[in-house]
1. For Leu36, which sequence-distant residues (separation of 5 or more, or a different chain) have an amide H within less than 5 Å of its own amide H, given hydrogens modelled in the peptide plane?
2. Based on C-alpha coordinates, I'd like the Rg and Dmax of region 64-127, in Å.
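Bear in mind these aren't lab numbers, they're just calculated from the coordinates by the rules spelled out. Fair warning: this is a prediction, and the values are worked out from it, not measured in the lab.
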Amino acid sequence: MLYEIIPAGSEEKIKEIDKLKYQKEKVLESLSDELLTVKFRYKEPEWKKSILITKIMKDETVEFQESSHNPQFSAGVASFWMKFWKSESVKDMEYKNIKEIAKMAKGVDENRYRAEFLKLVQTVELIK
């Protein structure tokens, strides 16, 4: 899964589901080491009630090369789609760079989904 993170203080309008935790300066001061809170809710088909999992992510620096293959590969996928849809954020990035990121982070690929993604990037690179 990929998520869009909307920084505190953003003017972007969002549908309120829960009370927002990071929107007021006073709250931000008391939570200064928190980067974000992820809330994930799931329910098995036969269950009557869902289960909520909440995870607070601390503001920690991890070098890209030191992170696991999953976030590295996800960065390659996100970069590909941003490039494909002409996002200003990746305008200077080349498809070959995206392919290198994804190839480096391929890791275990039992179902060959990551290999298929690499073929997709290569195909688009050749077409462009």
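1. Sorted by chain and number, the residues that satisfy this are Met57.
2. In order Rg, Dmax, the Cα atoms of region 64-127 give 11.3, 34 Å.
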